[in-house]
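Input: a single structure, listed below in structure tokens.
The values are calculated or read from the model by the stated rules, or taken from the named source; none is laboratory data. Remember, it's a predicted structure, so these values are computed and weren't measured experimentally. Every residue, glycine as well, gets a Cβ built from its backbone with ideal geometry; the counts of neighbours run over all protein chains shown.
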Amino acid sequence: MATFDIKMPKMGESVTEGTITVINVRVGDFIEEDTDLFEITSAKTAATIPSPVAGKVIKINYEEGDTVPIGLPIIVVDTDGEAPAVVIEDKGQGQTEAPKEVHTPTADSSTAPVQRGSVERWYSPVVLERAKAAKVSQEELDSIQGTGFGGRVSKADIVRYIEQKKGAPTPTPRATRSSTNAAPSPSRPQVTAPSISIGAEDRVIPMDPIRRIIADRMTQSVQIAPHVTSFLKVDITDLVHWREAEKDTFKKREGFALTYMTPVIEAVAHALKAYPRINASVDGYNIIERKHIHVGMAVALPDGNLVVPVVRDADRLSRTGLAEQVAQLAEKARHNRLTADEMTGSTFTISNYGSSGTLFGTPIINQPEAAILGIGAIEKEPTILETEAGDVIAVRHKIYLSFSYDHRIIDGMLAGAFLQHVAHYLEDWKTNRGL
């Protein structure tokens, strides 16, 4: 028998473990190549893990809710296993039987009070086994509000329901390594969320894995880093005129759009080289200045979530190379095709909330980075310009830049110098800069 181990994948260079949120298969299932096996979350992102091989699932080493180190096998597949449609055949009737389910030793199908469910209400083997053992009826199981992906009932949900049914205290979520690092000191008062009353007509929507990661990381960031935000209005009239003159020719020649994100990343990369303390992280009382400049750009998804694909070594790319990276990563993000490596490892992040018409905001630092730049909407406004003939009023294109930074290692003077560097780079844009 030839076996293949499906291991916990590496979700980024600083990630050492992942948490299994949903297991889509059970022991005995026959799977095809690219079958979605399980879903995981980490401190960086969420992902669905497909099978690289076809065969029969012969072992599942972990359960939903388990946190597993990178590289350990989660599912073992017998690649010699034949599909049930080939093995089970009624030649007399000329029909193929449905594959027989193979249950794990702990599952007693003869006394099972619940079923696996439909596509809309799907239950994993772990949830079913817990429900059977606790004599939870099908009606009860269907009534449980799931917090897993797509509203599925997770292992934590069924355990919580069983404990509440017994009248025992609800188990608290397991602590992770990242959360222990962010835990407040004993002398700091603990902050607890207020109790929420839910009306009969209110709609309860469980967060999906990506939204839970966003919520946890944003909360963690404001707890870890003392945030300060500086603002600057920038005249980008020359840049706007340059893009308007170049965008059609560029799109026809290169095959992808020339967006404003490209010159902003170029300006940021130039400023990070001049002020390496901004391109840094904090490790206890140590300051780590990053050698590489990897710029993350926040991309809004159709489902309302947000991901941050990363343009690696942005300071080493040509303008055309930057534009290509921006276009490709944004396209892959919107179609959920980003890899784990493309969403991790950023050293600085840009948030373009101006695309929704917002003028300025106070973005939250993407940990473990030390700063983040926000870009507002471009607006026309009358401006007084000094000329040889005297002051004149002209219509100019302006944007607000908002720069949030970690005050533990970045002070106001350094932040102001960095922000001015970015602004001057954009204001002094010359149309003869080569593509």
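Residue 332 falls short on exactly one of the conditions (1) in contact with a Leu (Cβ under 6 Å, 6 or more places away or on another chain); (2) buried (at least 21 other Cβ atoms within 10 Å of the Cβ), and that condition is (2). The strands (runs of 3 or more DSSP E) found wholly in the stretch 222-323 and carrying at least 3 residues that are over 14 Å from residue 371 (Cβ atoms) occupy 227-235.
Looking only at residues of the stretch 335-349 that are in contact (Cβ under 8 Å) with a residue 40 or more places away in the chain and surrounded by fewer than 21 Cβ atoms within 10 Å (Cβ to Cβ), we find that the one that is farthest from residue 425 (Cα to Cα) is 340. Applying the set (1) at positive phi; (2) under 24 Å from the mean Cα position of the chain (by Cα) to residue 284 leaves exactly one unmet item: (2). Here residue 359 meets each of (1) part of a helix (DSSP H, G or I); (2) more than 18 Å from residue 41 (Cβ to Cβ) with one exception, condition (1). Of everything listed in (1) surrounded by fewer than 20 Cβ atoms within 10 Å (Cβ to Cβ); (2) at pLDDT 95 or above; (3) among the polar types (S, T, N, Q), the single unmet condition for residue 223 is (2). Among the residues of the stretch 42-51, those that are in contact with a Ser or Thr (Cβ under 9 Å, 6 or more places away or on another chain) and either at pLDDT 90 or above or closer than 24 Å to residue 218 by Cα (or both) comprise 42, 43, 44, 45, 46, 47. Only residues that are at pLDDT 85 or above, surrounded by 12 or more Cβ atoms within 10 Å (Cβ to Cβ) and either touching a Leu at 6+ places or on another chain (Cβ under 9 Å) or not in a loop (DSSP other than H, G, I, E, B) (or both) were counted in the stretch 52-104, giving 16.
Let's see how each residue does on (1) out of contact with any Gly (no Cβ under 9 Å at 6 or more places or on another chain); (2) under 21 Å from residue 266 (Cα atoms); (3) not aliphatic (A, V, I, L, M):
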{"residue": "276", "(1), (2), (3)": "yes, yes, yes"}
{"residue": "283", "(1), (2), (3)": "yes, no, yes"}
{"residue": "295", "(1), (2), (3)": "yes, yes, no"}
{"residue": "302", "(1), (2), (3)": "yes, no, yes"}
{"residue": "310", "(1), (2), (3)": "no, yes, no"}
{"residue": "319", "(1), (2), (3)": "no, yes, yes"}
{"residue": "328", "(1), (2), (3)": "yes, yes, yes"}
{"residue": "331", "(1), (2), (3)": "yes, yes, yes"}
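In the stretch 20-35, the qualifying residues are those that are assigned to a strand (DSSP E or B) and modelled with pLDDT of 85 or more, and the one that is farthest from residue 344 (Cα to Cα) is 30.
Applying the set (1) within 20 Å of residue 231 (Cβ to Cβ); (2) among the small types (Gly, Ala, Ser); (3) part of a loop (DSSP other than H, G, I, E, B) to residue 354 leaves exactly one unmet item: (3).
In the set (1) within 17 Å of residue 260 (Cβ to Cβ); (2) touching a residue at least 60 places away in the same chain (Cβ under 8 Å); (3) among the aromatic types (Phe, Trp, Tyr), the condition left unmet by residue 405 is number (1).
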